[in-house]
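The values are calculated or read from the model by the stated rules, or taken from the named source; none is laboratory data. All figures in this text were calculated on a predicted structure; none of them were measured in a lab. Glycine also receives a Cβ, built like all others from the backbone with ideal geometry; neighbour counts cover every protein chain displayed.
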Protein chains: 2
Amino acid sequence: MPILARIRAGVRDFAAIRLEVKAMHERPAFQDLYPDGWSHCYGCGRLNDHGLRVRSFWEGDETVAEVVPRPYHMAIPGFVYGGFVASVIDCHSTGSAAAAAHRANGGAPDSGPYPRFLTGTLKVEYLAPTPLGVPLLLRSRILEVKGRKVTVATQLFANEKLCAKGEAILIQVPESFAPGS
Amino acid sequence: MPILARIRAGVRDFAAIRLEVKAMHERPAFQDLYPDGWSHCYGCGRLNDHGLRVRSFWEGDETVAEVVPRPYHMAIPGFVYGGFVASVIDCHSTGSAAAAAHRANGGAPDSGPYPRFLTGTLKVEYLAPTPLGVPLLLRSRILEVKGRKVTVATQLFANEKLCAKGEAILIQVPESFAPGS
């Protein structure tokens with residue numbers, strides 16, 4: 001059963017689930033398949049030395065990512081600040097949109113280059129305070145791929161608890177906008 | 001005329017406007033008036049050494065803040081990543097909610113302690129790519145103060161260009177939740 005289906009079904013063996021996530025991370029992430037010029041994003045760029053390096057993967061028809069906030073990404077002691085939650089939902093959504101567009105165009109999941117999407121609108125609902133000190137799991141469904149526009153719905157879990165929900169509309173960047181690379 | 005009214009009226013003397021913003025920054029910011037225990041936020045806490053330190057001020061019935069992204073807060077070279085835009089709108093909104101609640105309760109604007117709000121929902125519309133390398137100006141209107149809930153609408157400008165709009169619903173943290181300080 002897919003990782004997050006197990007969480008939703010009430011499976012509480014989070015250690016085993018994390019081992020599966022670790023194995024997943026040995027595959028190329030969506031963000032590994034952007035051309036270099038698109039890989040500088042603070043949230044998800046593999047070439048940004050300061051950034052969060054969100055790495056996203058297919059799991060069936062859903063996409064998942066695991067992120068670990070740094071201790072200073074706090075709102076108040078013990079809890080993650082809202083901007084971090086919004087940032088990782090945003091970056092996982094842009095990656096998921098790229099993967100969905102690539103798949104819709106017949107591309108193999110583990111080979112690039114992926115197109116690059118930027119955010120049109122982002123909505124985040126904060127359902128419960130997100131604790132610091134544990135990995136956060138993002139899970140997204142692709143709601144629609146329509147031309148250059150993709151809509152993505154995301155859930156953010158800390159351990160098995162749903163802490164936030166997001167919905168983003170992502171727009172594919174025109175190729176003419178590509179940085180030289 | 002208030003700073004942002006001048007921008008909206010098409011005044012292009014942005015250097016003079018920045019001087020006024022600088023003078024404004026010599027007053028205490030909303031975030032200076034939180035008790036120490038509420039001042040560790042990555043986005044706006046004066047006690048977070050790693051953070052963005054958003055500082056927000058009244059300008060009549062509107063609130064303003066100026067923030068400068070670091071060079072690595074990029075989406076693609078030359079442009080600010082979406083999570084930064086969401087983060088600063090979020091933190092300026094929570095500060096604005098605190099100031100509005102403090103004012104609604106009869107508090108003087110430059111004396112604390114301010115209450116602490118956390119985000120219930122945040123919606124951001126990205127209207128144009130936000131350029132890196134210039135200060136970003138946030139301007140908010142308080143749409144509603146209702147019990148422990150405040151709704152705030154924000155515009156984010158780079159120079160005089162409107163790049164993003166946000167709307168946030170903020171919830172006042174119960175005093176029982178206060179970190180020991």
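This table checks each residue for (1) in contact with an Asp or Glu (Cβ under 8 Å, 6 or more places away or on another chain); (2) under 14 Å from A:Cys44 (Cβ atoms); (3) polar (S, T, N, Q); (4) free of Cβ contacts under 8 Å to residues at least 12 places away in the same chain.
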site: A:Phe79; (1), (2), (3), (4): no, no, no, no
site: A:Ala86; (1), (2), (3), (4): yes, yes, no, no
site: A:Pro113; (1), (2), (3), (4): no, no, no, no
site: A:Glu125; (1), (2), (3), (4): no, no, no, no
site: A:Ala153; (1), (2), (3), (4): yes, no, no, no
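Looking only at residues of the stretch A:80-129 that are of a type in the set (Val, Ile, Thr) and crowded, with 24+ Cβ neighbours inside 10 Å, we find that the one that is nearest to B:Ser87 (Cα to Cα) is A:Val85.
Taking each residue of the stretch A:133-150 that is closer than 14 Å to A:Ser87 by Cα and looking for partners that are hydroxyl-bearing (Ser, Thr, Tyr) and in a strand (DSSP E or B) with beta-carbon atoms closer than 6 Å, six or more apart or interchain, yields A:Leu138/A:Thr154. For the stretch B:85-128, a residue qualifies if it is out of contact with any Phe, Trp or Tyr (no Cβ under 6 Å at 6 or more places or on another chain), within 13 Å of B:Gln31 (Cα to Cα) and among the hydroxyl-bearing types (Ser, Thr, Tyr), and the qualifying residues are B:Ser93, B:Ser96, B:Ser111. In the stretch A:74-90, the qualifying residues are those that are over 14 Å from the mean Cα position of the chain (by Cα) and part of a helix (DSSP H, G or I), and the one that is farthest from B:Gly120 (Cα to Cα) is A:Gly83. Of the residues in the stretch B:95-108, none is touching a helix residue (DSSP H, G or I) at 6+ places or on another chain (Cβ under 9 Å), closer than 20 Å to B:Tyr126 by Cα and among the small types (Gly, Ala, Ser). When A:Arg139, A:Arg70, A:Arg116, A:Arg53 are checked against the criterion of being away from every other protein chain (no Cβ under 14 Å), of a type in the set (D, E, K, R) and either touching a Gly at 6+ places or on another chain (Cβ under 7 Å) or closer than 25 Å to B:Val124 by Cα (or both), A:Arg139 stands alone in meeting it. Scanning the stretch A:26-54 for residues that are among the polar types (S, T, N, Q) and in a loop (DSSP other than H, G, I, E, B) gives A:Ser39, A:Asn48. Here A:Ala75 passes the criteria (1) among the aliphatic types (A, V, I, L, M); (2) under 28 Å from A:Ala15 (Cβ atoms); (3) at pLDDT 95 or above except the one numbered (3).
In this structure, is A:Gly45 within 12 Å of chain B (Cβ to nearest Cβ) and modelled with pLDDT under 90? When the stated conditions are applied, A:Gly45 does not pass them.
How many of the residues making up the stretch B:61-85 are over 15 Å from B:Leu137 (Cβ atoms) and not aromatic (Phe, Trp, Tyr)? Looking only at that region, the number is 11. Number of residues in the stretch A:55-73 that are assigned to a strand (DSSP E or B) and over 15 Å from B:Gly83 (Cα atoms): the value is 9.
Considering only the stretch A:159-176, I want to know if a residue exists there that is in contact with a Ser or Thr (Cβ under 6 Å, 6 or more places away or on another chain) and of a type in the set (S, T, N, Q). No, the conditions are met nowhere in the stretch A:159-176. For the stretch B:107-142, residues that are over 15 Å from the mean Cα position of the chain (by Cα) and of a type in the set (A, V, I, L, M) total 5. One residue stands out in the stretch A:81-97 among those that are of a type in the set (A, V, I, L, M) and at the interface with chain B (Cβ under 9 Å from one of its Cβ atoms): the one that is farthest from A:Val67 (Cα to Cα), namely A:Ala86.
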